[in-house]
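Below is one structure, written out as C-alpha cells; comments come after it.
The values are calculated or read from the model by the stated rules, or taken from the named source; none is laboratory data. Computed from a predicted structure; not experimentally measured. Cβ placement follows ideal geometry from the backbone for every residue including glycine, while neighbour counts extend to all protein chains displayed. Ligands, DNA and RNA are stripped out before the accessible areas are found, and what is left, the full protein with its side chains, is counted by its heavy atoms. Shrake-Rupley method; radii C 1.70, N 1.55, O 1.52, S 1.80 Å.
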Amino acid sequence: MTAAALAAPSPLALRLRDALAVTLLGGLLALPFIGLVTVEEGGALAVRTRWSAWAMTLAAIFFGRLALRAALDAWHTRRPARKRAAFSSTDAVLRRAAGTSLLAAALLLPVFFGDNRYVIDTATTLGIYVMLGWGLNVVVGLAGLLDLGYVAFYAVGAYTYALLSTQFGWSFWEALPAAGALAALFGILLGYPVLRLRGDYLAIVTLGFGEIIRVVLLNWTSFSGGPNGIGGIPRPSFFGLPFARSAEGQTFHEFFGLEFSPMHRLIFLYYLIVTLALLTHALVSRLRVLPTGRAWEALREDEIACKSLGINTTTVKLSAFATGAMLAGFAGVFFAARQGFISPESFTFAESATILAIVVLGGMGSQLGVVLAAAVLVVLPEVGRQFADYRMLVFGAAMVTIMAVRPMGLLARREPTVRLNPARSSAP
Amino acid sequence: MGYALQQLINGLTLGATYGLIAIGYTMVYGIIGMINFAHGEIYMIGAFLSVLTYVLCTALGLGPTPLVLLAMLFVSIAFTALYGWAVERIAYRPLRGAPRLAPLISAIGMSIFLQNYVQLTQGARIKSVPPLWQGSLSLWSADDFPVTIGWTQLTVVVVTLIVMTGFAWMITRTAFGRQQRACEQDPKMAALLGIDVDRTISLTFIIGAALAAVAGMMAVLQYGVIDFTIGFIAGIKAFTAAVLGGIGSIPGAMLGGLLIGLVEAFWSAYLSPEYKDVATFSILVLVLLFRPTGLLGKPDVEKV
Amino acid sequence: MTPLVTVDHLVMRFGGITAIDGLSLQVPRGAITAIIGPNGAGKTTLFNCLTGFYRPSAGRILLHEDDGSERDLTRLKGHRIAREARIVRTFQNIRLFGGMTVLENLLVAQHQALTRASRFALAGLLHTPGYRRAEREAIELARRWLAELGLTAFADTPAGALPYGTQRRVEIARALCARPRLLCLDEPAAGLNPRESAELKALLTALRDAHGLTLLFIEHDMSVVMNVSDHVVVMNFGRKIAEGPPEAVRRDPEVIRAYLGEEDEEAADA
C-alpha cells in the first residue's frame, strides 16, 4: 500500500481539492475573457480589467463545482443499479393527459387572451417553433441525422411564398404545397451527395448550406431583394375574406357582421399555425408507426444492421431529410405570410441552433418534449432582456450538459410503435 | 500576369491560415473519428487572445517589434491550447462510447457556447488593431503590375513554415508523435501497449488548438480586424480544406488549405468576391460527391 | 447435393493485407455448413463479402437460382443482397436496434414487403385495408418466429435491455423475418451458456429440417460444429485448408496442425 493511500484524505478534503483544481483551471480560462476586456477608446483599443467579475466567476466555479460533486455523490449512493425500465403504460397515460391539456390550452387561448396582442403574438411565434421542432425532430430525433442548417429550408419556404405571391399573385394556400415541395427538393438535392457518407459530413455540409443560402439571398439582389428583403407579402385571407378595415370586396368583419378589430387577423394567424402544427404532428406521428418511420429509427440505432436486412439506407435517410425539409418549408410560408416582410436576417445559424436546441432539450424523438422545450426557449427571453442576452449561451451549455447526462434528452421515453400484447403492459 | 501572381501570393498566405486550422480538424478526426465542431471557435479565441496581447503590449510601451509578435504567439498558444483541452474534457471525454450523435451535438453546443461567451464578455463590435508593421516588399513588376508581398504576409509565411516544420518534427520524431499515430490506427491495441490513450487524445486537442491559435494570430496580422463570428466561416473552410486534402492526412490538410486559399483568392479576384464562400462550399460538396477520401486520404473501410 | 452458393477464387485485400486469398467453396443447398478456423483466418471477411459489405478485390460469388440460372453477387449493391438474393446475416457483435422493442426489430426486417404494401407511406398514411392486412401479416410472421424461438414474452421489451443470450436469439429471429434463402450466422454460440448452446443446436437443425433453410455459420464452439453441421470448411490465412463432413475434417492432419500449431513451432517455444 502506498503512503498516499494510507493517509487517505477525508471526502471533504478531496472535494475541496477537486473544486480548487477546477477553479484554478476555470480561472485561467476566464482570465483573458472575463478578467480582461478590450474596449475602444478614442479610436484605438485599450485593455480594461474586470477583477470583480473575474472574482465572482471564480467563486461561482468553486461553489458550483462543490455543489455538483456533492449532488453527484448523493445521486450515485442513493441510486441502486436501476434497470432500464420497460415501457410502462402509466407513463403513456400521463403523456396523453399532458398532450390533451396542452391542446385544449392552445385551442382556448384566444378565448381568454383574445384582446391581448402580446400574448397572441408570442403564442404564434411559439407555434412556429413547435412546428419547426417537430419537423427537425424527424431528421435528428427519429433518423439520428444531424442537420445544422435546418433554417435554410425554412428560408426556401419563406422566399418561395414571398416571390410567388408578390410576383405571380399566388395565394397562401396555393403557395403552401409548392413551397413544401421545393424545400423537399432542396433537401434531396443537398442530401443525395452527402447522405451516403458518415453522419458528421452531413452535419457540416448542412451547416455550410445554411450559410450559403443566406449569402445568396443577401447578394442576389435582383432575385431576393438582397439585404432589404421582400416586403408587401400578402397576408392570408379567411377563405377569400381579407382582414382589412375596408376592401374592394367583402371583408372578414363585414361578412360576419363584427366590429372591425386588428385582433381578428392575429387570432386567425394563431389558429392557422396551430392547425399547421397539428397537421405536422399528425403526419409525423403517423409516419412513425409506418415502415418508413420504423426504418428511420432503425437507422438511428444501427445503420449496418439496416443494410444487412436489405434496407436501402440512402433512400431512408433521404426520405427523413426531405420530410423534415418539407415541414420547414411549410413553416417558412407561414412565417412570410405572418410577417409580411422577410429578409436574410431571419435565417441565420442562430435560428438553426435554436431549433436544434429545442429538439435536443425536448428529448430527441419526443413530440411532447419539443412543445415544452419550445415553450421554455421562446417564452423565457420574453420574460427578461437579461435572459435574452444569455439565451444562446445557456442553450449551448445546456446541449453539452444534456448530452453528458441524458443523451436521449430530458423527456425521452420512447413509446413503442406497435405492441404484440396491447392489452397488458409488458413487464418481463 | 502580374495580377495573377499577386493573387497567387495572396492565396497562399490565406491558405496557410486555413491549412493550420485544417490540421486540427484532421488530427482530431484521425484519433477519435469525429469532427471537432468547436474548432472554428478555438481559432476565433486564438485571434481574440492575439488582439488582447497586442493591445496589452502597446499599453506597456512595447512598440511593434518582433518581441510583440513572440508575446502574441506565446500567450495566444498557451491560452488557446487550454481552451482546446477544456473542449475535449467537457464535450468529448464524458461521451466516449455514447451513441454517435451525442458527441456531435455536445460539440455543437460547445461551439454555440464559446461564440456567445466571447460575444458577451468582449462585446459584439469589431476589434481592430493597427498593422504590426507596414509596408511591403516589391518583388518584381510584370506587365506593369507591381507584384508585392506585404511584410505581414511575409511574416505569416515565415511563421507558418517554422510552425509546420516544428510540427512535422514532433509528429514524425517524438514519442508523442508515435503514440498519436498508434492511437489513430488502433486505440485498443495502443492502450494494451501501455499508451495513455486519454492523454494522447487530450494532447491532440491541445496541439490542434495551438495551431489554430497561430492561425488566429495570422488573421489578426493580415487583416487587423476580428469579431466573435469569424470562427464559423473559417471553420467550415478549414474543414473543407481537410476533406479536400483527405481527412486524417496531415500533409493533406496543409495542401487542402493552400488550395482553398488559392481558390478563394482567384475567385474573389476574377469572379465575384461576394460568392467566395459559395465557391468553397461547392468544393466541399463536389469532393464529397466524387472523391470522399480527398486528395491524399486513405479509403475508409467500414468496420462490420 | 446441389450448391446454393459457389465462391470462386475470391480475393479480398485491404491495403497490403490479403484477408482472403483465392478462396473457393460451395454452400450446399438445404444443409448446414460450418466455417471454422483460427482467429484472423478470414471467416468474417468472407461473410462481409458474401453479404455485400465488402466488394471483393477479385473472384466471384455465384448464387444458383432455383431455375438453374446464376447470378454474380459481387456485382450487387450491399442492401440488395438481402433484398434480392435473400442472403441474410447476423453479426459477431450483436447488432440489434437496441432502443426498439423486439417486435419492432422483427418488423424492420420486413421493411421491403411493408413499404410496398404501404405504397411508400401513402396507403399507410391513409390507413387503407390493404396496408392493414399487410401489417397484420407481418406481425403474424413475427409472432410465429418469436414463438418458435421462445421469445414471445419479450416481444414488447426494448431489445437492448435483454440478456446477451436472448439478444442472440432475437437477432436470429430478426434475420428469419427477412425471409432468407441462405442464413449466415457469425458465431451464434459465442457467449452462450451450455443450456442456450443446446437450444441453439436444436434450433439450427429445426431450421434446416422443418423450414428447409440453407445455413452457413462461423463458429469456434466445436461441440456445436460437430453436432449440427453437414459440411465443414476450414480456413487459415485466407485460404481453405480442408473441407468435408465433420468427422473427416476432425481427423485431417492439416486442420490439426492449423489448430495446434506446427510441430517445430512448438519446439521453438519450448
Chain A, Gaussian network, Cα under 10 Å: of A:LEU29, A:LEU202, A:LEU318, the residue fluctuating most is A:LEU29
Against the longest alpha carbon principal axis of chain C, how many degrees, from 0 to 90 and to the nearest 10, is the axis of helix C:129-148 turned?
-> 40
Pick out, in residue order, every one of the chymotrypsin sites (Phe, Trp or Tyr not before Pro) in region A:180-226 that is DSSP loop and has at most 14 other C-beta atoms within 10 Å; say none if there are none.
-> A:TRP220
Given the C-alpha centroids of region A:223-257 and region C:174-214, what is the distance between them in whole angstrom?
-> 67
Please identify, among B:LEU120, B:LEU132, B:LEU211, the residue showing maximal mean-square fluctuation in a Gaussian network model of chain B using a 10 angstrom Cα cutoff.
-> B:LEU120
Chains A and B: buried accessible surface, both sides, probe 1.4 Å, rounded to 100 Å²?
-> 5400
Pull out a ≥ b ≥ c, the square roots of the eigenvalues of the alpha-carbon gyration tensor of region A:168-295, then state rounded if a/c is under 1.5, prolate if not and a/b is larger than b/c, and oblate in the remaining case.
-> oblate
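Which order do peptides A:165-176, C:243-254 fall in by mean Cβ count within 10 Å, highest first? Show your work: numbers first, answer last.
Details: A:165-176: 15.7, C:243-254: 14.0.
Most protected by this proxy first, the peptides run A:165-176, C:243-254.
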In whole Å, largest first, what are the principal axis extents of the Cα atoms in chain A?
-> 92, 74, 48
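Just the number, please: Stokes-Einstein D of chain B in µm²/s, Kirkwood Rh from C-alpha pairs, 37 °C, 0.692 mPa s.
Numbers: Rh = 19.8 Å.
The calculation lands on 166 µm²/s.
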Based solely on its DSSP helices, what 222 nm [θ] is calculated for the protein assembly as shown when runs of n ≥ 4 H residues each add -39,500 (n - 2.57) and the sum is averaged over all residues, nearest 500 deg cm²/dmol?
-> -20000 deg cm²/dmol
In Å³ and rounded to a whole number, note down the convex hull volume per residue for the Cα atoms of region B:89-231.
-> 172
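For peptide C:149-156, how many partner chain Cβ atoms fall within 10 Å of a residue's Cβ, on average? It would help to have the intermediate numbers written out before the result.
Details: counts 0, 0, 0, 2, 5, 4, 7, 13.
Per residue, the average neighbour count from other chains is 4.
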Considering only DSSP beta bridges whose two residues both sit in the protein assembly as shown, what percent are antiparallel, to the nearest 5?
-> 70
Mean accessible surface per residue for chain A, computed with a 1.4 Å probe while every protein chain stays in place, in Å² | 45
Gyration tensor on Cα atoms of the protein assembly as shown, a ≥ b ≥ c root eigenvalues, a/c under 1.5 rounded, else prolate if a/b beats b/c, else oblate, says oblate
Can you list which of the GluC sites (Glu not before Pro) found in region A:204-261 are DSSP loop residues with at most 16 other C-beta atoms within 10 Å?
-> A:GLU248, A:GLU259
How many Cβ atoms of partner chains, on average, are near each residue of A:202-211 if near means within 10 Å of its Cβ?
-> 6
Per-residue average of Cβ from other chains inside 10 Å of C:104-116 | 6
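First obtain the Kirkwood hydrodynamic radius of region C:27-120 from its Cα pairs, then insert it into the Stokes-Einstein equation at 10 °C and 1.306 mPa s, and state the resulting D in µm² per second as a whole number.
Numbers: Rh = 15.6 Å.
It comes out at roughly 102 µm²/s.
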Would you mind putting B:3-10, B:19-26, A:305-312 in packing order, based on average other-beta-carbon counts within 10 Å, highest first?
-> B:19-26, A:305-312, B:3-10
List, in order, the whole-Hz ³J(HN,Hα) value for each residue of region A:169-177 obtained from phi through the Karplus relation with A = 6.51, B = -1.76, C = 1.60 and θ = phi - 60°; use x for Gly and Pro.
-> x, 6, 8, 3, 6, 6, 6, 4, x
Would you give the gap between the C-alpha center of region C:28-64 and the C-alpha center of region A:315-331, rounded to a whole Å?
-> 38
Using a 1.4 Å probe on protein heavy atoms, which residues of region B:258-301 have at least 10 Å² less accessible area in the complex than alone?
-> B:GLU274, B:TYR275, B:ASP277, B:VAL278, B:PHE281, B:LEU284, B:VAL285, B:LEU288, B:LEU289, B:PRO292, B:ASP300, B:VAL301
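Using the C-alpha gyration tensor of chain C, what are the square roots of 5 times its eigenvalues, in whole angstrom, with the largest one first? Walk me through the numbers on the way to the answer.
Numbers: eigenvalues 241, 96, 55 Å².
Ellipsoid semi-axes (Å, largest first): 35, 22, 17.
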Global form of region B:1-113, assessed from the alpha-carbon gyration tensor, a/c cut-off 1.5 = oblate
Magnitude of the Cβ-charge dipole (Lys and Arg +1, Asp and Glu -1) of region C:170-262 about the Cα centre, nearest 20 debye, reported as 240
For chain A, modelled as a GNM with alpha-carbon contacts under 10 angstrom, which of A:THR280, A:THR125, A:THR401 fluctuates the most?
-> A:THR401
Give the angle, between 0 and 90 degrees and rounded to the nearest 10, that separates the Cα long axis of helix A:367-383 from the longest principal axis of the Cα atoms of chain A.
-> 90
With θ set to phi - 60° and the Karplus curve 6.51 cos²θ - 1.76 cosθ + 1.60, what are the ³J(HN,Hα) couplings of region B:86-96 in order, to the nearest whole Hz, using x for Gly and Pro?
-> 5, 4, 5, 5, 8, 9, 10, 4, x, 10, 4
Which residues of region A:270-307 show a drop of at least 50 Å² in accessible area when all protein chains are present, compared with their chain alone (probe radius 1.4 Å, heavy atoms only, ligands and nucleic acids excluded)?
-> A:ARG286, A:LEU290, A:PRO291, A:ARG294, A:GLU301, A:ASP302, A:ILE304, A:LYS307
Do you know the relative contact order of chain A, to the nearest whole percent, from alpha carbon pairs under 8 angstrom that are 6+ apart?
-> 24
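Counting only protein heavy atoms and using a 1.4 Å probe, what share of the accessible area of chain C belongs to carbon plus sulfur, as a whole percent?
Values: 5810 of 11500 Å².
Carbon-and-sulfur percentage of accessible area, whole number: 51.
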What accessible area per residue comes out for region B:20-228, rounded to a whole number of Å², with a 1.4 Å probe?
-> 40
Solvent-accessible area buried by C and A, counting both chains, probe 1.4 angstrom, square angstrom = 3400
Rounded Å value of the spacing that divides the Cα centres of region A:93-171 and region C:113-159 = 33
Compute for chains B and C the buried accessible surface, both sides summed, probe 1.4 Å, and express it in Å² to the nearest 100.
-> 400
Just the ratio, please: alpha-carbon radius of gyration of region A:248-407 over 2.2 N^0.38 Å, N its number of residues.
-> 1.31
Average Cα contact separation per residue, region B:20-228, under 8 Å, 6 or more apart, as relative contact order % = 41
